[in-house]
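J.: The structure that follows is given in the form of structure tokens.
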Amino acid sequence: MIDETTDPNPDNFSLSLPQRSLQLTNNWEEEYAYSLGIQAYVYGFPWIYNAQLRWLWATEAGQQVSQKLGLPDLYAPVNSFHHMQKLASPADQSGGCPNCDTLYSTAWLDVGKDPVVLSVPAVADRFFCIEMVCMDADNFAYAGTSATGTQAGNFLIADAHWNGQVPDGVLDILPRSRTATVLLLGRTGVNNTSQEDLDKANAIQEQYLLTPLSDWPNAPSPHSEPVMIPYGIDYNHTAGAWQTMNKAMTENPPGLPPGINQEQMLKLFATIGIGPNQNLDAQSAATRMGLQRAAKDGLAILKKMAKGRGKRVNGWAYPPADIGRAGQNSDFITRAALQSLAGICANDPAENVYLNVHTDNENNQLNGQNNYTLTFKKGTFPPFEASQHGFWSITMYNSTFNLVPGSTSYSINSRYPQYQDTDESGTMTLLIQSDPPTTLLKGTYWLQSPSGTSDYTFSLILRVYVPTPEISFTQTWEPPLLVINGVS
């Protein structure tokens, strides 16, 4: 017989189970605003975070604040690129699980009044892509090896309201943006560890150009685009979050074509003063109190969910199938937690898939006090499209989502010449431990786990660039188990 008062199986649910309830107050308005506010916070979080990042990255005042607080200095005015000219290393401790495979290029665009032309050079010897993201943290287009090919091109970036004349030499083949504000995140592959190849990648970055259509084909004339000032610059401090969300949604309304219709949801959120053209000051004190609680608890929910959601295979977590454009599939918590909070944005699976692992074959948290082995047998390596310069990598991160400080062996890249060997049977073995192995046999490589700290926990991310459908679509490729060998 099932004890319905204690049985945790949801299949055995009945109304006789103990029921959880919201923290009760004597005011229904506060509870209504709190319960609906959590959903509104999940829905609208990208507008909060992107408004903060845009101000930090695209204004001189934001640059000064970033420098003062030790945040990454990614300053570039609106409609211009900032290029990172070196790969991430353990010296960079700003979090975010940075990849060590590509050089980042970032730009904030305003295409509300004037489209922008993105120019890219011919890139025939390496992977590159430029991801185009709306204010809602969903992608809408790509330029790059996989999406548009290796040839040079000039691509029009416009919102759905624009229907003007496209000049000769400009390709109008990209889908329209749903919002006037657009984030570009470029990734340019580095094929080996030499300074010569890094210089080649930097030279490619310098040829990514942005030109307002009104200036085309001439060089851009000086523009000073105003940037909305958010109410606070750190989403961890939820004071001002709703004001930032409302202001950003007024500037970049959600639910516009060519996106999915979200009119009814926005009408619902408007009943508590949230959304485009809404005024929080017009709401009752009880409603504002409920929203204050909702922002705090909504953020806590997103942080928990950001640790992963999706299919698990041998301890590795695939991302949800709709990653990159989750909001356009009404999956707003994936959009908020995995795309926005965890990564600012996320690649479409056809471009890049990240699998992560936090536990070993005994389902215990990975820990630098233990030794582990990861074995790729012949025929089981991550599949990718070699004709489009695809590749894979595995990178080690500590509990703060940084590369392990002081490590010299923190990432393995399948394109690099030093990682091409296998043993006689075609097997590659990765030894994951804090101390360097005494010897490394042919086809065996070392990833250094954390040591000498109070927190030894770590995780691995397996990135597959331009994956085949077994990874990007069906998710049927099986990564190997991470096997514990013993204690260091």
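J.: If I ask for residues that are part of a strand (DSSP E or B) and hydroxyl-bearing (Ser, Thr, Tyr), which ones from the stretch 164-199 would you list? If you could, list the steps in order and put the result at the bottom.
T.: Step one: filter the stretch 164-199 for residues part of a strand (DSSP E or B), giving 171, 177, 181-189.
Hits for the stretch 164-199 are Ser177, Thr181, Thr188.
J.: Tell me which residues, restricted to the stretch 252-306, are closer than 30 Å to His358 by Cβ and part of a helix (DSSP H, G or I).
T.: Initial filter on the stretch 252-306 (closer than 30 Å to His358 by Cβ): 294-306.
Of everything in the stretch 252-306, those that are closer than 30 Å to His358 by Cβ and part of a helix (DSSP H, G or I) turn out to be Ala294, Ala295, Lys296, Asp297, Gly298, Leu299, Ala300, Ile301, Leu302, Lys303, Lys304, Met305.
J.: For the stretch 368-378, check the following and say yes or no: at least one residue is modelled with pLDDT of 95 or more and either under 19 Å from the mean Cα position of the chain (by Cα) or closer than 18 Å to Thr468 by Cα (or both).
T.: Yes, because at least one residue in the stretch 368-378 is modelled with pLDDT of 95 or more and either under 19 Å from the mean Cα position of the chain (by Cα) or closer than 18 Å to Thr468 by Cα (or both).
J.: Provide a single number: the residues in the stretch 319-347 that are of a type in the set (Ser, Thr, Tyr), buried (at least 23 other Cβ atoms within 10 Å of the Cβ) and part of a loop (DSSP other than H, G, I, E, B). Show your work before the answer.
T.: We begin by selecting, within the stretch 319-347, every residue of a type in the set (Ser, Thr, Tyr); these are 330, 334, 340.
Restricting the remaining residues to those that are buried (at least 23 other Cβ atoms within 10 Å of the Cβ) gives 334, 340.
Next cut, part of a loop (DSSP other than H, G, I, E, B) only: none.
Residues in the stretch 319-347 being of a type in the set (Ser, Thr, Tyr), buried (at least 23 other Cβ atoms within 10 Å of the Cβ) and part of a loop (DSSP other than H, G, I, E, B): 0 in total.
J.: Something else about it: Sort through Gln205, Gln243 and tell me the only one that's of a type in the set (S, T, N, Q), touching a Leu at 6+ places or on another chain (Cβ under 9 Å) and more than 27 Å from Arg288 (Cα to Cα). Break it down into steps so the answer makes sense when it comes.
T.: Numbers: Gln243 fails: more than 27 Å from Arg288 (Cα to Cα).
Among Gln205, Gln243, only Gln205 is of a type in the set (S, T, N, Q), touching a Leu at 6+ places or on another chain (Cβ under 9 Å) and more than 27 Å from Arg288 (Cα to Cα).
J.: When the stretch 426-470 is examined, which residues are found to be farther than 25 Å from Pro349 by Cβ and among the basic types (Lys, Arg)?
T.: Of everything in the stretch 426-470, just one residue is farther than 25 Å from Pro349 by Cβ and among the basic types (Lys, Arg), namely Lys442.
J.: Hey, another quick one. Just one of (1) surrounded by fewer than 19 Cβ atoms within 10 Å (Cβ to Cβ); (2) on the phi > 0 side of the Ramachandran plot; (3) in contact with a Leu (Cβ under 6 Å, 6 or more places away or on another chain) trips up Asn79, so point out which.
T.: That leaves (1) as the condition not met.
J.: Restricting to the stretch 439-488, what's the tally of residues that are part of a loop (DSSP other than H, G, I, E, B), of a type in the set (Phe, Trp, Tyr) and under 22 Å from the mean Cα position of the chain (by Cα)? Before you say what the answer is, go through the steps one by one.
T.: Narrowing the stretch 439-488 to residues part of a loop (DSSP other than H, G, I, E, B): 439-443, 449-456, 466, 468, 473-481, 488.
With of a type in the set (Phe, Trp, Tyr) added as a condition, the list becomes 456, 473, 477.
Add one more test, that the residue is under 22 Å from the mean Cα position of the chain (by Cα), and what stays is 473.
Matching residues across the stretch 439-488 total 1.
The values are calculated or read from the model by the stated rules, or taken from the named source; none is laboratory data. Note that the structure is a prediction, hence the values are computed from the model and not measured. Reconstructed Cβ throughout: ideal geometry from the backbone, glycine too, with neighbour counts over all protein chains shown.
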